[in-house]
Amino acid sequence: FANISSVIKDLNSHYGKKIVRTGEDIPIIHKVPFDEPALDYVSDGGIPIGRITEFLGDTHSGKTRNALRSMSMFQKYCFNCHTPKALDVVWELDKDGTPSVSSCTCKNCTDPKPLVQVMVDVEGTTDPEFMRNFGIQVEGVIYVRPDLPSQAVGIVDTFLRMPNIGLILLDSVGSMGSDKETETAIEDDKMNQNALFLNKAVRKWQMALNSNTNETGKENGTTMIVINQSYVTLSIFSTEVAQGGRGLRHGKAMSLKTRIKEKNKEPKSNKILGVHIAYKNEKNKTGIPYRHKEYYLNLDPDNTDTKYCHTNTVLQYVELALEFGIVEQKGGWFYFGTNKWQGKANLIDSFDDAIIEEVNKKIYKNE
């Protein structure tokens, strides 16, 4: 088989990067967790690095919120030793306004590697204070607000090919459309032009992701999160279809769908205090698909127990511990080892860290 080895070397030399590899060089899939048990369980460990992940769902169901939560974790992820929540990094802007690292240490290695994040704000709704609410250092984020959909496609394609970019968040595909739609008269619009445009865009992005990873031959390339909404087709079947055409349907490695199951209202004022979210993994080519979970998202800024737009992670751990059989329920009593509690409220109030460790072993088994 010496001739095969020679061909591989010649091909990689011709293309200038490690496109053709042997089986032992197949990149390992690393994931950046959300650091929220419900999200990490449904996604089977978090967001896969070097791939496209879609956040699909209803309006105000927490898509952007979850994406920003992920961006915060990407800022804390060491891309050298691939350890989550390992970096203690301080970002600053240099004289040209470009993100740069002021100081950085890693709890797991001596050569920490932080990466810059990119926010492509097609909808023009991003707020820096809202980003800081999730622990994001905005000084380490490049902000893009394009004039035309083609600009968004080209800018994303450029950043996807840069190894020092960690995450690109596109908010959102549903608002992009195409240049023809934005530049021509309404009566000149044609059916399927947006889907055709986005099909081509996703294929360009997928090749850009491959190119980035092939530069080093390791799975440390740029990652992309696409926020999207679905619509119901005007047909007798009323089929629900995600926007973006077939290109995004095939190109995404994972699709996480959020749906508002119930709104929690204040009885007297009818004020919305929060929403119960149904969360489902509709596609996962990097882990286990079809997992689903529910969680409560607080929308009350006066809530002293849970921050605005955050969740009660202890309650999520309780629900997962019961689902995994780590905590046993018999009537109104709950058991873990030699400990027992009467009522779920008492279990939550005196939650055992050992239970969290057991649940984490189930969720983060791949890390």
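For SER350 and LEU273 in one chain, what is 0.36 nm times their gap in residues minus the Cα-Cα distance, to one decimal in nm?
On the way: separation 77, 0.36 × 77 = 27.72 nm, distance 2.52 nm.
Stretched out fully, the SER350 to LEU273 stretch lengthens by 25.2 nm.
The amide H of THR83, built 1.01 Å from its N in the peptide plane, has CYS78 as neighbours under 5 Å, considering only residues 5 or more places off or on other chains. Close amide H partners of ILE47, meaning residues 5 or more places away or on another chain with modelled amide H under 5 Å apart, are VAL32, PHE34. Across the chain, the longest piece that holds none of the chymotrypsin sites (Phe, Trp or Tyr not before Pro) lying in DSSP loops with up to 12 other C-beta atoms within 10 Å covers 2-236. Remark: relative contact order (the chain) = 19 percent; criterion is Cα-Cα distance under 8 angstrom and separation of 6 or more residues. Computed from Cα atoms, the angle from the helix 353-363 axis to the main principal axis of the chain rounds to 40 degrees.
Each semi-axis of the equivalent ellipsoid for the range 1-139 is √(5λ) with λ an eigenvalue of the Cα gyration tensor; in descending order they amount to 33, 20, 17 Å. Of all the options ILE47, ILE260, ILE326, the one that moves most in a Gaussian network model of the chain with Cα springs shorter than 10 angstrom is ILE326.
Here the Debye sum runs over all C-alpha atoms of the chain as equal scatterers in vacuum, and log10 of I(q)/I(0) at q = 0.10 Å⁻¹ comes out as -0.71.
Debye-formula intensities of the range 269-340, expressed as log10 I(q)/I(0) at q = 0.19, 0.21, 0.23 Å⁻¹, are -0.94, -0.99, -1.02 (one equal scatterer per alpha-carbon, no solvent).
Full extension of the chain between GLU181 and ILE260 yields a length gain of 25.4 nm, computed as 0.36 nm times the residue separation minus the alpha carbon distance. Which of LYS285, LYS307, LYS268 moves most in a GNM of the chain, Cα contacts under 10 Å? Greatest mean-square fluctuation among the candidates belongs to LYS268. Relative to the current alpha-carbon distance between TYR143 and LEU11, full extension at 0.36 nm per residue lengthens the span by 43.8 nm.
Please build a GNM for the chain, connecting alpha carbons under 10 Å apart, and tell me which residue among LEU198, LEU347, LEU297 fluctuates the most. Maximum among the listed residues: LEU347.
With respect to the chain, whose longest principal axis is taken over its alpha-carbon atoms, helix 149-160 is tilted by about 90°.
Here, each number is a calculation from the coordinates, and none is a lab measurement. Everything numeric in this text was worked out from a predicted model, so none of it was measured. Reconstructed Cβ throughout: ideal geometry from the backbone, glycine too, with neighbour counts over all protein chains shown.
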